[in-house]
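To start, the structure itself, in structure tokens.
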Amino acid sequence: MLEMEACLSRRDSPRLARVLRDEGVSPSTLTQLNLLVCKRLSSADFGPVGVVLKSLEILVDNRDLHETLVGLGITHQVLSWFQTLRKLLATSASPKGSAQTLLVERFYDFLLLLSRSCLPGLERSLTLMELLHTLLESQLLFNVRLEAARTFNSILDSLGRDERKHVQSERMLLQMMPTVASTIRTIGDYELQVSLSEALCRMIPREERVQRVNEWFSCSDIAGAFCLITSADFETDCRRFLNFVNRGQGNYRRVWTFPCMGAFLESTELFGPKDDKLDEFWVDFNFGSQCVSFFVDLPQGFLWGSLHLLKEEVSRYQLELQQDEGGEAQVILTVLLKSPITHLDSKGSRVQLRFKPELLGELEAAAAKVFPGEEGHKDASERAWASPLPTRPPARRYRKKTCSRTLKVLPLSSPSSDDQDLAATTPSSKWASDLFDQHACATPLKVSGESAPESPLQGKNAGRGWIFS
């Protein structure tokens, strides 16, 4: 035990792995390890706990030790530690720092590693349940919840046919799907809405989705609209679905989406994702996570980039009605950031988003919700700069092109289901399709933003194709 303590003090994961291996992985060894971890968690000393998880990752790379650890109940032990950490993060009044978020990410890495291996069905289901509880916990930061959702989806995507069938028939998990569905409308963050929608699609084989969907959504129009999401065009179908859902809530919606006429980082123009099926360059105003976000094209790859303007990183913002060189009116949202951001070869602290003039009133309301600050945006000739009020730092999530857990493009249907779309098999789907057509060019209420330096929690989504890692 003293040698284990020394490894933790020195933050030496390889040495701790050697100590555990040399002493022999046994119930007594894990008991000692549990005492050390619980002691560190109780004192909010998170660094050494990450060292333990890293050492366990090293051990499970050995197949024999992996089987031994699983047989000794390492999954239950790690889940117990994670539950303790989650409760600390949900109830602590102190600011959440990088040490906590790094440790959360380490837990997600380890749980994903275990679940991709030969794990008993019950233990995998318990892992997925814990991730669901995490993504539904409203007191946690949005990045923690978003990564929980992405880890949940990554685990499901990594499973073989029989393993996935077992998960999809697990009663505990299925009973939570209506709660996941209802959270889509209240969560207040577009990317988390997407991840929740994906979780629903992955949990139910396509041939069962039409029958199940009415259990998730009380509104038949929304249920039918959900059935229109296909595997081949998930990102564009999900965009249309979520725009429809959010707009249908009127002034109660938590994500307002607007079509953008142009975006600039300083003088460099940012372009929306190049996709023939994406009808607009959408910008999302996220009231829950308090950021403006939008996807941009990455010309050097097939993925999309994701930029966020986070409230705590915004110095000032301004909304004004201007005329362009051709005399056309447009609304310009200018955001000044506290620190410069970089996109491809461009760097700057000023982001400018341009919209149609008829959106001015809605944009003022949305910006005031995301960046609450000074009043005084009533008259176009007297538009003043506003500074966001201070707040607890919201979630930070950024997309990256390469990830340590890259998975294939999102397969929404079960491996056991065929490729035929069932969207046209029900009247509600036809009705939803008509409603989609009515609103495709309408003005869904949401706004977009830009991102800053890299965060401890890196996104599992990396743009086009929704590659999760």
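The values are calculated or read from the model by the stated rules, or taken from the named source; none is laboratory data. Here the structure is a predicted model, which means the values were calculated and not measured. Ligands, DNA and RNA are stripped out before the accessible areas are found, and what is left, the full protein with its side chains, is counted by its heavy atoms. Shrake-Rupley method; radii C 1.70, N 1.55, O 1.52, S 1.80 Å.
Converting phi to 3J(HN,Hα) with the Karplus coefficients 6.51, -1.76 and 1.60 and the offset θ = phi - 60°, the range 285-295 yields 9, 9, 6, x, 8, 6, 8, 9, 9, 7, 9 Hz in sequence order, with x at every glycine or proline. Annotation: residue 98 carries an accessible surface of approximately 70 Å², with a 1.4 Å probe and no ligand, DNA or RNA atoms counted. Share of carbon and sulfur in the accessible area of the range 130-247 stands at 44%, probe radius 1.4 Å. Largest to smallest in accessible area, the residues 76, 308, 66 fall in the order 76, 66, 308 (1.4 Å probe, all protein chains included). For the listed residue pairs 274/347; 54/311; 54/165; 39/87; 311/347, the alpha carbons are over 25 angstrom apart in 54/311; 54/165. For the range 3-92, the convex hull drawn through the C-alpha positions has a volume of 80 cubic angstrom per residue. Of the residues 210, 245, ranked by 1.4 Å probe accessible area with the largest first, the sequence reads 210, 245.
Evaluated on the range 131-277, the Kirkwood hydrodynamic radius is 16.5 Å, with distances taken between all distinct Cα atoms. Reported to the nearest whole Å, the Cα centre-to-centre distance from the range 293-370 to the range 214-287 is 17. Normalised Debye scattering of the range 268-346 at q = 0.19, 0.26 Å⁻¹ gives log10 I(q)/I(0) of -1.06, -1.32, counting only Cα atoms as equal scatterers and leaving out solvent. What a 1.4 Å probe finds exposed on the range 62-113 is 52% carbon and sulfur by accessible area, rounded to a whole percent.
Taking amide H as placed 1.01 Å from N in the peptide plane, the amide H of residue 304 sits under 5 Å from that of 463, 464, each at least 5 places away or on another chain.
Scaled against 2.2 N^0.38 Å for its residue count N, the alpha carbon radius of gyration of the range 25-67 is 1.24. P(r) tail for the range 198-283, what percent of Cα pairs lie past 16 Å? Across the range 198-283, Cα pairs with separations above 16 Å total 62 percent.
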